[in-house]
Structure formats: structure tokens, C-alpha cells
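*Asks:* Here it is: the structure, laid out below.
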Amino acid sequence: MSEPAIVVEQLGRTFTDRGREIVALRDVSFQVGVGEIVGLLGSNGAGKTTLTKILATLLLPTTGAARIFGHDVTRDLRAVRRMTGVVLGGDRGLYAKLNGRDNLRFFAMLAGVGRSGLKAKLDAALEEVGLVAAADRAVETYSKGMRQRLHIAIGMIAEPRVLLLDEPTVGLDPVEADRLRGTVAALRDTGVSVLLTSHYLLDIERLASRVIILADGTLAADLPVEEFARQAGYTATVTVRGTGRPPDGGAVSSPDIAVGGVDVADGSWTLRLHVRDWSVGSFGLLEQALAHVTVLDVRIDPVRLEDVYAQVAARLADGSQVGGVR
Amino acid sequence: MSGALWMFVTAFRMEQRAMQRNPLLLVNSGMLPAVFLVIAVETGRPEPDGAAELIVAVMLTALWGSTVWMSGGVLRRERSFGTLARCVSGVWSPYLVLLGKSLGATVTSVGAILVSTGVTAAALGLPLSVSHPVWIAVSLMVLVCSGTALGALVSCLFLVTRNGLVWSHALMYPVFAVGGLLIPPHALPAWLRWAPDLLSLHWIKDCLIDGATGGVTVAPLGVAALLTLAYFSAAGFAYRRSVERSRKEGTLDLA
């Protein structure tokens, strides 16, 4: 069996603020395999940035260990940095007065890209993120999305074996975001391992095979994406809108269907049903419930990870278990 | 060219390009020496043999101001741009990157100061004599190295403390006052006359005046070079310690 790309063992980090101890990470352990994309989720202050900083060799852990392809992130700095790329979201982290190509060249050199073939690599990276035409313009003239694309080129130009992606699609339009997801998926197929932090659950849904959830610095869950999606307790939401008397929600309630709620406003009503499983029985119940009401519109939405995460976050706040970890 | 040297050269060029778009270059290295020189000449026109001393003193005073603001501000700018974390977490020594950038800032500043001082001195009709051009060139090289090392040392303040700007400003005026640049050391109180000896710029001033007027002596250049080496060592030690401390305390922001 091949060595995991990322190994995190009982990692802990404590900060001291005016004599007060703040635990940012506590006994966090997980692994990321070669060519695996793992989504890292958690509310603000859950410990995601602290974990990313430790893996990027910018912060020393207080306890435990982390390794990238067997190299300790606290000792084998050069080896870890050579094989790790970091993509950070946001407007900062670039030299605004300099052009995109100069920025990329400098950070490529820092990441260990050699002089030979550098120009070709710069051109290829700029082409990949669609910045060829703007490469010689000062970064201060770039839009938020263009800056984000430059960040992505910087993180990937050294062809790292491990990528730490922090909100990579922030600021990108849907087409660009989808293009980026395609690039990350292609990298995964070449064996690159990715730890993906994103509040856009669509990124996780499209790319990740596993989800790690941090809550208050501890590992609250480590689940395959399919199992994470099941945490919602339903697979789709059926939204029915109509006029007149609203249907009796209780009539459709069954092991397969739960009533999410009925809203009545301005002479119309909206019924939300959470369907756990589509079966002949569930269709029959729906048909019966809607037989004597005036229906204007029916919409079926597969469960979204955003909804799942909202539920999971609420459960974590109550101290409940998720996926049997906490 | 080895990878490390290429990284150093890239950092140097990056900083030069960034400096050329920085308005502080115009103020500190362009306007400041010109204003100093005009005020000094208006206050009392020097004798022909005292012109070199005045020009060199103004140049070095402006250079110290530039060192604090420009090369000493390298890490401050990295922090404000959000690029500091990347600079210290590359595969090359972070000190190499800092030195390359500090050198880029110093060379740009020295170039601007030389042009500004030369043009202003010519416009004011001050005699510009160069008795030993090679000696002056060597002295300028030591000056650039010294400015680079001092800049790197001042830069570390911005990693050690969030109040780096206040501390670097606090350093500026003692050097102006007791550095032996504008105020001759013999005019200082007796108990303070050792202070200029610790500043390489004070010794380089002697070298440049020697190169302009004729009487070349090696000792001041040797002392300046030794002090410069000491600054480089201190900056390297301080930078490595500061980066390690930042990694321990978590003060290196991702962006």
C-alpha cells in the first residue's frame, strides 16, 4: 500500500493571549491518500486556518505531528515546501504594482521552479488560468476573479504533489469556477492530493471524495461524501406551490417522506417535503395529498451539501454526534 | 547560475521594479538630498575644499533616511501586501530573499540620491571634484552593501514587533544626530563621541571625502567593511530568530 500524502496525528495547537490559553486544535488525526481530494469544513474559528498553516510550515504545532509524504512539517521544511502548493483566497498576497507575469515568476522561483523552462511554464500556467492577455498588466488593475486565478497559477506552477486549497473559487464567475474544478479534478487524476477548504459546498460536492469537519478545534467527522450527504436524512426536497386550501401535510408523512413545512401567504401556499427514498409508496402518498388541491408549480431539488452542512453544524453546536466521530 | 543565486537576483529585480513605482523613492532619495543641500548652502556657502564634505554628508544622511524607509521597509511592505508568509516559506532561505530585496531597494535609492545630489550640487555651483574615481567606486560599493545590511537589520523589526514602524522611526533621528554625518563627532559631548564609530556610514563618509579630495587611507574602508559584515551577521541571526518565533507564535498570516 502506498504511503499517504498527508498524515496528521493527534495534532494540537494552543495560543496564549494575555495569559489565557486558547485551544485552536486538539488531537486532530486524519490521512489524505495519494490522488485523493478531501474537503475540510468547519465554521469560522473551528481550526481550519490553523491546520492549513501547520501543513504549509507557517506554524508549529504544540502537540502531535504532521507529515507530507513522510516528511515532518516541523523539521523537513525544504522537502515539504517543494512538494506542497498553497492557494489562498482573497485580494491580498500579490504585488499590486507589478504585473501578473512578474508576480508569477517570483513566486514560481520561491516554490523551487528552476530557471530552465521557466518561461514555458509561466506561459502554460497563465494560459491554464486564462490570464495570457492580462499578464503584462499591473495586478492592481485586475478584478477579484483575475487575482484569484493568479493565486491559483501561483499555487500550481511548481507542480506540487500536495495542494492546500483555501476557498479557491471565491470571486470566480460560474464558468471560471467550473473551469478551476476541472483543473483540480485533472490534477487529482495525475496523483495530486488536495486538502480543499471551502464554504462553497458545491466545490466539495463536485471534487471531494471525503469530508473532514472541524468543530472547536476537534475532529467532529471524517466521512465519505456520500455518507456526509446522508447526514441530512433525506435525498431531495419537493416544493409544491398552489392556491386555495393547503393540503394536509400530515397525510403524506411516512417513513419515506417528512414534511418540511407549509407556508401560507397572499392566498397561495408552499409545501416543502423532504424525501428520504423514492418508492412507489412515496409517489402514491404524494398523489393522494395533492389530489384535491390546486397546484401551480412543483419543484424537485436534490439535497445540497449546503443544507447538509447547515444541519450538521446545528447538531455539532448541540454537542451531538456526526457520523459516529464526536 | 545556481538556483539560490537566481532567486537572489530575481528578488533584487522585483524590488527594483517595485521601488521605481514607489513615491517614497522620489521623496526620500530624490527630493530630500536636494532640499538638504539647498538649505545647507543657503545657511552658509562652504569653502571650495569643504564642498565635498557637505555633499557627502547630505548624501549619507539621505541614504540613512532611505534605508529606514525603503530597504528597512521591505518586510513591512511584504506584511501589508500579504506576501510575507510566501516569502518565508519558499524552498530557498528566507534571508536570501530578504537580502536580494534589500539590495534592490538600496541600489535604487543610492542611484537616485547620487543623481539628485549631483544635479543639485551642479545647479548650486558647488565644485564636484573626483581625485580617485576607483576609490570612490569601491567606497560606493561598500556603501551599498552597508545600506543593504542595515536595511535588512531594520526590516527585522517588523517581524519582531507589530510596532516596527514606530521603532524604525525612533532609530532614524539618533543616527542623524549622533551618527557623525551632519554633526561632526568632535562637536558631540565627550561621553558620546564613541557613537559614530559604530556606524559604518560615518567611516564611509571619510572614504568618500578622501576619494574626492585626494588623501586616501585604507583604515576607514576596512572598518566600514568589518562593520558591514557585523550588520549582515546580526541581520541574518535576527531574521532567522524572528521567522522561527513567528512560526511558534503564529504571527505569519497566510495572506
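Derivation of every value follows stated rules applied to the coordinates shown; laboratory data play no part. None of the values given here were measured: they were computed from a predicted structure. Note that each Cβ is placed from the backbone with ideal geometry, even for glycine, and that neighbours are counted across all protein chains shown.
*Asks:* Positive end of the charge dipole of the protein assembly as shown (Lys, Arg +1 and Asp, Glu -1 on Cβ, about the Cα centre): tell me which of A:Phe69, B:Phe158, A:Val192 has its Cα farthest that way.
*Replies:* The listed residue farthest towards the positive side: B:Phe158.
*Asks:* Using the alpha-carbon atoms, what tilt in degrees (0 to 90, nearest 10) does helix B:218-249 show relative to the longest principal axis of chain B?
*Replies:* The angle comes out near 20 degrees.
*Asks:* Right, something else. Taking the simple approach of a point 7 Å from Cα along Cα-to-Cβ for both B:Leu198 and A:Ala124, what is their distance in nm?
*Replies:* With each label placed 7 Å out from Cα toward Cβ, I get 5.4 nm.
*Asks:* Over the C-alpha atoms of chain A, what are the Rg and the largest Cα-to-Cα span, Dmax, in Å?
*Replies:* Answer for chain A, Rg first and Dmax second: 23.6, 75 Å.
*Asks:* What does the structure give for A:80-88 when I average, per residue, the other chain Cβ atoms found within 10 Å of the residue Cβ?
*Replies:* Mean partner shielding for this stretch: 2.
*Asks:* Which of A:Gly117, A:Gly182, A:Gly130 ends up with the largest GNM mean-square fluctuation for chain A, with Cα atoms connected below 10 Å?
*Replies:* Of A:Gly117, A:Gly182, A:Gly130, the most mobile in the Gaussian network model is A:Gly117.
*Asks:* Let me ask something else. Using the 10 angstrom Cβ neighbour count as an exposure proxy, how do A:Asp318, A:Asp216, A:Asp277 rank, fewest first?
*Replies:* The most exposed by this proxy come first: A:Asp318, A:Asp277, A:Asp216.
*Asks:* Once you have a ≥ b ≥ c as the square roots of the Cα gyration tensor eigenvalues for segment A:1-158, tell me rounded if a/c is under 1.5, and otherwise prolate or oblate according to whether a/b is larger than b/c.
*Replies:* Verdict is prolate for segment A:1-158.
*Asks:* Express in whole angstrom the spacing between the alpha-carbon centres of segment A:295-313 and segment A:220-286.
*Replies:* So the two Cα centres are separated by 9 Å.
*Asks:* Right, next: Just to confirm the filter: which trypsin sites (Lys or Arg not before Pro) across segment B:2-89 are DSSP coil and have at most 16 other Cβ within 10 angstrom of their Cβ?
*Replies:* B:Arg21
*Asks:* How many Cβ atoms of partner chains, on average, are near each residue of A:108-118 if near means within 10 Å of its Cβ?
*Replies:* 5
*Asks:* Shifting gears a bit: Compute the Cα gyration tensor for segment B:3-249, then decide on rounded, prolate or oblate, letting a ≥ b ≥ c be the square roots of its eigenvalues: rounded whenever a/c is under 1.5, prolate when a/b is larger than b/c in the other cases, and oblate in all that remain.
*Replies:* Here segment B:3-249 falls in the prolate category.
*Asks:* So what's the gap between the Cα centers of segment A:29-46 and segment A:57-136, to the nearest angstrom?
*Replies:* Computed from Cα coordinates, the inter-centre distance equals 20 Å.
*Asks:* Compute a Gaussian network model of chain A, connecting alpha carbons closer than 10 Å, and tell me which residue from A:Ile157, A:Ile54, A:Ile257 fluctuates the most.
*Replies:* With Cα springs under 10 Å in chain A, the top fluctuation among A:Ile157, A:Ile54, A:Ile257 is at A:Ile257.
*Asks:* Evaluate the relative contact order of chain B (contact order divided by residue number), counting alpha-carbon pairs under 8 angstrom at least 6 apart; express in whole percent.
*Replies:* Computed value for chain B: 27 percent relative contact order.
*Asks:* Let me ask something else. Any chance you could check the Cα centroid distance between segment B:18-66 and segment B:221-255 for me, in angstrom?
*Replies:* Centre-to-centre distance over Cα atoms comes out at 29 Å.
*Asks:* While we're looking at this one, here's another question. Looking only at A:Ala24, A:Ala134, A:Ala215, which one moves most when chain A is put into a Gaussian network model with springs between Cα atoms under 10 Å?
*Replies:* A:Ala134
*Asks:* So for B:Met172, B:Met59, B:Met141, fewest C-beta neighbours within 10 Å to most, what's the order?
*Replies:* Placing the least packed residue first, the sequence is B:Met141, B:Met172, B:Met59.
*Asks:* Now a separate question. Taking the Cα atoms only, what angle lies between the long axis of helix B:94-123 and the longest principal axis of chain B, rounded to 10 degrees?
*Replies:* 20
*Asks:* Any idea what the relative contact order of segment A:236-302 is, in percent, if you count C-alpha pairs under 8 Å spaced at least 6 apart?
*Replies:* 49
*Asks:* Can you figure out the FRET efficiency of A:Asp277 with A:Ala185, using R₀ = 45 Å and their beta-carbon distance, to the nearest 0.05?
*Replies:* Given R0 = 45 Å and the Cβ-Cβ separation, E is 0.95.
*Asks:* How big, on average over all directions, is the shadow cast by the Cα convex hull of segment A:236-302, in nm²?
*Replies:* 3.9
*Asks:* For the protein assembly as shown, taking Cα atoms only, what is the radius of gyration to one decimal and the Dmax to the nearest whole Å?
*Replies:* 31.6, 111
*Asks:* Using amide H atoms built in the peptide plane, which far-off residues or other-chain residues are under 5 Å from A:Leu40 H to H?
*Replies:* Long-range HN contacts for A:Leu40: A:Leu196, A:Thr197, A:Ser198, A:Ile212.
*Asks:* Let me ask you something else. Quick one: net charge of A:Leu98's neighbours, Cβ under 11 Å, K/R +1, D/E -1?
*Replies:* Around A:Leu98, the charge tally is +3.
*Asks:* A follow-up question, please. Just tell me how shielded A:53-61 is by partners: mean number of partner chain Cβ atoms within 10 Å of each residue's Cβ, no decimals.
*Replies:* 5
*Asks:* Listing A:Arg105, A:Arg315, B:Arg241 from the residue with the fewest other Cβ atoms within 10 Å to the one with the most, what is the order?
*Replies:* By the 10 Å Cβ count, ascending: B:Arg241, A:Arg315, A:Arg105.
*Asks:* Okay, moving on. Please tell me the relative contact order of chain A in percent, rounded to the nearest whole number, where contacts are Cα pairs under 8 Å and at least six residues apart.
*Replies:* Taking the mean separation of contacting Cα pairs over the length of chain A, I get 18 percent.
*Asks:* If packing is taken as the mean number of other Cβ atoms within 10 Å per residue, what is the order of B:196-203, A:72-79, highest first?
*Replies:* The packing order, highest mean first, is B:196-203, A:72-79.
*Asks:* Would you mind checking which residues have amide H under 5 Å from A:Thr218's amide H? H placed 1.01 Å from N; only 5 or more apart, or other chain.
*Replies:* A:Arg26
*Asks:* Select from segment A:1-32 those trypsin sites (Lys or Arg not before Pro) which occupy a DSSP coil region and have at most 16 other Cβ atoms within 10 Å, ordered by residue number.
*Replies:* A:Arg18
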